[in-house]
Amino acid sequence: MTSLPWERLSDVLSAPQTVELRGTVERARSVLAGRVVWNVSSTARGGGVAEMLQSLIAYSRGAGTDARWVVIEGNPEFFTITKRLHNRLHGAEGDGGPLGDEERMVYEAVTAGNARALEDLVQPGDIAILHDPQTAGLAGPLADRGVRVIWRCHVGVDVANERAHEAWRFLLPYVRHAARFVFSRVSFAWDDLDRDQVVVIPPSIDAFSPKNQDLDASTVGAILRCAGIEAGGCDSSGSVFLRQDGTPGRVDRLADMGGSAPIDESVPVVVQVSRWDRLKDPAGVLDGFVRGIALRTNAHLLIAGPAVAAVTDDPEGLDVFEDILARRAELPEDVRARVHLVSLPMDDPAENAAMVNALQRRATVVVQKSLAEGFGLTVAEAMWKGRPVVASRVGGIQDQIRDGDTGVLVDPLDIEGFADAVVSLLEHPAEAAEMGAAARNEIRDLFLGARHLKQYVDLCEEVLAEAPAQPEPLTA
């Protein structure tokens, strides 16, 4: 596993933040000595959770703690069920399928198999941080073994409806075995959980990752040209970035432009980067562009997401991508030429991240028009790069943007308001630049990894201070 020097975080922190970080490291070494902190998730790439874990675990190891990461295995039926749970935790219907006894049998069979696979690794006294619905079924077997279990749910809804309650009822028998329940915001916490065991920890970004590291304008252009996203020849000597371990990387692979031509280097660009997920509302972004942005500006729209075949825990991605492709094909030719649907290769996750970095820095305006959102790390990423952001007033996006100061918040169903906000930023570049600068400072103060690590150390210390469960053999 990669280990990164925690000291480099101080390069982007204020002096008081650096002092606090040093204290966090010293305390972590003492509290976690002789223990392993296991993070368990459903995928190693293709989403914000995986990106956060990659960075946080690397800095934890660099600070002298034994942090590790395990990715569970599952079959297509299991991931269809957990995607259904994911959607309903957002209050959305998703595929409309059931969450009954048959689905529970599939879920329990897969999680039981993963629990058995962990038996020889996880020891009594270790800490296991289980991420999202896919891992909830591990909480009981691990707690029975004497492991201190923390379950973290990265998704949620501010006002729960019956669909959200259905997901809660399905998952509650599993997650109640955890010692703590972590949510990204307090309104996401479930009604039936003990509030004394609920902890709020917002996500964070790594300022030094390939996705967020500083890139000058010439490097941004070279990366986009070598990926085939921007017009012009590829000079691979310029498409260089730093990998997580500090070694150089280079963008060599081409993105799939979905049948559109590369963008010209001179045109303003409105960019949304996210998974191909209906809750990210790519159709709404396209509608807003066609109805309210294209008619009043010369901007192009670029919607980018991962190559759909590469994200194994999201079975709906291909359907969403094909739907948005079909919608683009129906547009008048002059508008269609200004809409770019970009699938970014995932063969090399660091290369993919560098492409995202360049896209966000190339953007004139970044948007995130989600219908529901656990947190929305793409918002923090764009703000860190000093970009003006227009985003939906949902979920954790509201915790990142101060409306009118560090970005613009709009109702997720207000297509006209969304378009007006984007056009206003396109027409007032000085105000947009001022907003972007304020946004970067906001992320430095609230949403970088140093704060996140401190909250995790606080949480581990609290859980370890409690009496452990009686160890038992890890069984299904």
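Any read-out appearing in this document is the output of simple, stated calculations on the displayed coordinates, not a laboratory observation. Since the model is a prediction, treat every value here as computed from it, not as a measurement. Heads up, the Cβs are rebuilt from the backbone with ideal geometry, glycines too, and the neighbour counts pull from every protein chain shown.
Summary table below
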{"item": "Inter-site label distance for Asp120 and Asn298 at 7 Å from Cα along Cβ, in nm", "result": "6.5"}
{"item": "Total charge dipole magnitude, the stretch 297-386, about the Cα centre, Cβ charges on Lys, Arg, Asp, Glu only, Debye to nearest 20", "result": "600"}
{"item": "Gained length - Glu26 relative to Asp319, 0.36 nm times residue gap less alpha-carbon distance", "result": "100.7 nm"}
{"item": "Shape category assigned to the stretch 173-322 from the gyration tensor of Cα positions, a/c cut at 1.5", "result": "prolate"}
{"item": "Gyration tensor verdict on the stretch 79-149 (Cα atoms; rounded if a/c is under 1.5, prolate if a/b is larger than b/c, oblate otherwise)", "result": "prolate"}
{"item": "Between the stretch 309-378 and the stretch 117-138, the alpha-carbon center distance in angstrom", "result": "33"}
{"item": "Centre separation in Å (Cα based) which lies between the stretch 140-187 and the stretch 210-270", "result": "39"}
{"item": "Length gained when the stretch Ser187-Ala217 is fully extended (0.36 nm per residue, less Cα-Cα span)", "result": "6.8 nm"}
{"item": "Shape category assigned to the stretch 325-381 from the gyration tensor of Cα positions, a/c cut at 1.5", "result": "prolate"}
{"item": "Point-charge dipole on Cβ atoms (K/R +1, D/E -1) for the chain, about Cα centre, debye to 20", "result": "860"}
{"item": "Segment Val335-Arg402, extension gain: residue separation times 0.36 nm, minus the distance between their alpha carbons", "result": "20.9 nm"}
{"item": "Contact order normalised by residue count of the stretch 111-189, Cα under 8 Å, 6+ apart, percent", "result": "32"}
{"item": "Descending semi-axes in whole angstrom, ellipsoid equivalent of the stretch 355-403, from the Cα gyration tensor", "result": "18, 10, 9"}
{"item": "Mean Cα-pair separation over length for the chain, i.e. relative contact order, pairs under 8 Å, 6 or more apart, %", "result": "17"}
{"item": "The chain: Rg to Rh, with Rh as the Kirkwood radius over Cα pairs", "result": "0.96"}
{"item": "Folded to 0 to 90 degrees: helix 349-362 orientation relative to the chain principal axis, Cα", "result": "40"}
{"item": "Beta bridges by DSSP in the chain, antiparallel share as percent, to the nearest 5", "result": "10"}
{"item": "Mean projected area in nm² (Cα convex hull; one quarter of hull surface) for the stretch 39-137", "result": "7.2"}
{"item": "Between helix 217-226 and the chain: long-axis angle, C-alpha atoms, 0 to 90°, nearest 10", "result": "90"}
